Amino acid sequence: MQQPSSPEEVDDALGTRMDRSASHDASVDGDEAAPDRSTLRREGAFVVLTFVGMIGGLLASWFGGPSWLVWTCYIGAYVFGGWYGLKESIEALQEPAVEIDLLMIIAALGALTIGAPFEGAMLLFLFSLSNVLQHYAIGRSRDAIRSLMQMRPESAQLLRDGEEVTVPIDDVEIGEVFVVRPGDRIPLDGVVDSGETTVDQSSLTGESVPVPKAPGDEVFGGTINETGSLEVRVTREAEESAISKLIHMVEEARSEKAPTQRLIDRLEQPYVLSVFAFTAVAIALPLALGHEFDSTFYRAMTLMVAASPCAVILSTPAAVLSAITAGARQGVLFKGGEHVERTATVDAVAFDKTGTLTEGNTRLTDVTTRDGASLEGDDRLLALAAAVQSRSEHHLAEATVEAAEERGLETATASGFEAVVGKGVHATVDERTIHIGNARYFETVTDGETIAGLEDGLAAVRSLENDGKTSVLVAREDGGDLEVLGWLAFTDTVRETAAETIERLRELGVEQIVMLTGDNERVARSIAAELGIDEVYAELLPEQKVDRIERLQKRHEAVAMVGDGVNDAPALATADVSVGMGGAGTDVALETSEVVLMSDDLEKLPYALALGRETRKTLFVNLAIAFGAIVIMIVAILTAGIPLPLAVIGHEGSTVLVCLIGLRLIGFQGA
């Protein structure tokens with residue numbers, strides 16, 4: 001089988017040089033690849049020549065033409081019809097392995113041996129026609145991915161020394177600025193320096209509505225600038241862009257076979273050998289009972305064609321590859337056929353809260369200095385907290401630093417920063433240790449030391465949490481003395497689509513929906529009640545999230561975990577299906593999840609589950625058609641003695657039918 005594009009095209013489209021090589025090798029080894037266009041055209045021409053030879057031989061024999069003309073036509077039909085099948089069979093025997101093509105070649109030659117050249121030619125014609133149609137169907141699914149390779153422009157208009165210069169994107173460095181005009185495709189990932197516009201990101205994230213962009217907003221290579229001109233500062237090199245990673249990971253996904261496909265592959269060789277054995281018995285047994293050779297051999301060849309598992313073998317990849325392609329078009333990336341199938345069985349979903357059910361745009365709302373604290377004013381409290389939090393990547397830390405910058409506060413340099421996962425942080429500022437954390441932090445990290453103002457602080461935190469705010473205490477350690485300086489409170493916005501998403505999951509048959517969060521229980525329960533979530537587990541450390549996932553797995557067939565891939569990595573790894581949010585912008589979501597929602601659109605989650613379920617349904621239908629056709633034809637041959645041409649039509653018809661049914665998934669829009 002041929003690759004869908006040249007090595008140069010694949011190399012241009014995929015990630016780093018090492019990754020590109022690995023991906024290409026994987027595609028070669030594992031994918032049901034379609035031939036390129038020139039090979040497909042050549043196969044089509046061979047099919048036409050086979051048909052001409054078959055009909056020519058039939059007409060010449062009907063009208064009493066010379067024998068040399070009859071046999072020239074049939075030989076032409078056999079050569080052109082069996083060319084690719086014989087080539088595949090020889091290559092397989094060298095492994096060694098037995099290809100289904102060999103069954104067809106032997107059956108055609110057997111028909112020729114007993115004086116039925118037309119039936120053999122028809123077998124080769126329909127078999128080669130079926131292969132062309134299969135390659136076209138698989139090629140259609142690959143075309144959608146190949147189109148991703150063509151989305152990214154080859155060059156960018158850089159601003160250098162005040163002038164615009166056209167530069168190949170591979171030569172553009174991080175930090176350089178390029179210009180994008182209305183209607184242009186954005187060449188590279190970056191951040192808007194100046195200008196405002198709307199950008200069509202549907203090809204990458206599946207978002208149907210153009211997204212407004214202003215200075216400071218992120219844009220992605222391969223997306224389309226619609227209305228305004230932009231100056232964009234490059235943040236990722238070409239091979240590290242979101243579109244390059246998407247192409248790379250989709251190609252990898254296509255090389256990973258689904259469980260059903262792996263099972264069929266394991267059974268293919270024993271099955272093909274059993275067909276040979278079955279054919280041998282169908283010849284030997286009647287001959288031993290005194291039946292005529294020609295009729296016995298003809299029926300055995302017909303049985304061999306009918307029993308061939310072409311439709312069975314193609315029933316799975318046609319559907320799964322189409323599903324992966326459909327998902328990529330909608331901004332849902334499955335990292336392999338295995339995950340498509342597993343998604344179909346999900347009956348419990350666990351959500352992280354921050355950044356998943358909520359927008360993740362945490363804002364600092366309250367800065368309060370404790371009465372009696374040895375500190376002057378709320379600004380000083382915020383400045384100390386920001387100095388410590390500037391070393392942290394936590395969403396509360398980012399909100400703290402942002403608030404300090406908005407107030408124009410000067411922050412000192414912190415040293416000796418340490419984080420206690422799920423509890424808090426501490427660092428040295430102005431030669432004194434500043435602690436920032438939740439109640440559990442001060443219960444465990446301070447080793448039970450007396451902390452001045454702790455009761456007042458905890459009471460304030462509880463009050464703020466009752467209002468749905470996440471709160472932390474700020475304390476200072478001076479010598480051996482600890483005192484609470486004050487407290488900070490934060491809020492986050494629940495996603496507008498969260499409630500609708502949860503309702504849609506229930507309609508798809510998800511039995512239980514759970515929230516797992518490190519946030520405090522009052523805030524978590526408030527959000528859960530608003531969204532109609534079944535169970536809430538709050539104030540969890542990462543290892544405790546893993547424990548909750550494992551408990552869910554004991555009660556359900558398959559559990560999906562949805563998170564942002566940062567603090568949720570252990571739970572994502574434990575779940576049966578891990579779903580990462582916002583893959584277009586975060587490397588972590590791409591790397592830690594098996595299913596990636598390329599945008600921050602939570603509504604894509606029900607789509608992913610619906611696609612998995614539709615794929616499973618399609619697999620059942622395809623396998624029923626494939627095995628049903630085999631059983632019906634074998635019974636008909638043994639009871640009614642149907643001729644070889646009818647068996648060929650039944651065999652090739654079922655093969656093409658399962659490919660076309662699988663191909664329908666490319667257009668799946670959601671149930």
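Report whether or not SER38 is over 42 Å from the mean Cα position of the chain (by Cα), in a helix (DSSP H, G or I) and at pLDDT 75 or above. In short, no. Of all residues in the range 86-114, exactly one satisfies the criterion of being modelled with pLDDT of 75 or more, surrounded by fewer than 22 Cβ atoms within 10 Å (Cβ to Cβ) and closer than 18 Å to LEU58 by Cβ, namely LEU112.
For LEU665, the requirement of being touching a residue at least 40 places away in the same chain (Cβ under 8 Å) and not basic (Lys, Arg) is met.
Beta carbons closer than 7 Å, at least 6 apart along the sequence or on distinct chains, pair a first residue in the range 85-102 that is assigned by TED's automatic domain parsing to the domain that holds MET304 with a second that is assigned to a loop (DSSP other than H, G, I, E, B) and surrounded by 12 or more Cβ atoms within 10 Å (Cβ to Cβ) for GLU88/GLU99; SER89/GLU99; ALA92/VAL98; ALA92/GLU99; ILE100/SER308; ILE100/PRO309.
Yes or no: VAL320 at negative phi, surrounded by 24 or more Cβ atoms within 10 Å (Cβ to Cβ) and not assigned by TED's automatic domain parsing to the domain that holds ASN520? Spelling it out, VAL320 is indeed at negative phi, surrounded by 24 or more Cβ atoms within 10 Å (Cβ to Cβ) and not assigned by TED's automatic domain parsing to the domain that holds ASN520.
The listed residues are LEU287, LEU314, and the only one of them that is out of contact with any Pro (no Cβ under 8 Å at 6 or more places or on another chain), part of a helix (DSSP H, G or I), surrounded by fewer than 24 Cβ atoms within 10 Å (Cβ to Cβ) and on the phi < 0 side of the Ramachandran plot turns out to be LEU287.
Any residue at all in the range 497-515 that's more than 16 Å from LEU602 (Cβ to Cβ), in a loop (DSSP other than H, G, I, E, B) and in contact (Cβ under 8 Å) with a residue 40 or more places away in the chain? Yes. In the range 618-663, the qualifying residues are those that are touching an Asp or Glu at 6+ places or on another chain (Cβ under 9 Å) and outside any loop (DSSP other than H, G, I, E, B), and the one that is nearest to GLY327 (Cα to Cα) is LEU619.
Given the condition out of contact with any Asp or Glu (no Cβ under 7 Å at 6 or more places or on another chain), under 19 Å from HIS394 (Cβ atoms) and not in a helix (DSSP H, G or I), answer yes or no: does some residue in the range 527-545 qualify? Looking through the range 527-545, at least one residue is out of contact with any Asp or Glu (no Cβ under 7 Å at 6 or more places or on another chain), under 19 Å from HIS394 (Cβ atoms) and not in a helix (DSSP H, G or I).
Screening the range 421-443 for residues that are of a type in the set (Val, Ile, Thr) and touching a residue at least 24 places away in the same chain (Cβ under 8 Å) and picking the one that is farthest from ALA385 (Cα to Cα) gives VAL421.
If you go through the range 379-396 and pick out every residue that is within 23 Å of ALA459 (Cα to Cα) and modelled with pLDDT under 90, you end up with 1.
Starting from residues that are of a type in the set (Val, Ile, Thr) and touching a Ser or Thr at 6+ places or on another chain (Cβ under 7 Å), keep the ones in the range 50-85 and report whichever is surrounded by the fewest Cβ atoms within 10 Å (Cβ to Cβ). Here the answer is VAL70. With respect to being in contact with a Leu (Cβ under 6 Å, 6 or more places away or on another chain), at pLDDT 75 or above, of a type outside the set (Lys, Arg) and farther than 21 Å from MET633 by Cβ, SER322 fits the description. With the structure loaded, tell me whether THR428 is touching a Phe, Trp or Tyr at 6+ places or on another chain (Cβ under 9 Å), at pLDDT 90 or above and either hydrophobic (A, V, I, L, M, F, W, C) or surrounded by fewer than 22 Cβ atoms within 10 Å (Cβ to Cβ) (or both) or whether it fails that test. Spelling it out, THR428 is indeed touching a Phe, Trp or Tyr at 6+ places or on another chain (Cβ under 9 Å), at pLDDT 90 or above and either hydrophobic (A, V, I, L, M, F, W, C) or surrounded by fewer than 22 Cβ atoms within 10 Å (Cβ to Cβ) (or both). Scanning the range 131-156 for residues that are modelled with pLDDT of 85 or more and buried (at least 17 other Cβ atoms within 10 Å of the Cβ) yields one hit, ALA156. Comparison of GLY355, GLY327 shows that the only residue that is of a type in the set (Gly, Ala, Ser), assigned to a helix (DSSP H, G or I) and on the phi > 0 side of the Ramachandran plot is GLY355.
The values are calculated or read from the model by the stated rules, or taken from the named source; none is laboratory data. This structure is a prediction, so every number in the text was calculated from the model and none was measured. Please note: Cβ atoms are built from the backbone with ideal geometry, for glycine as well, and neighbour counts cover all protein chains shown.
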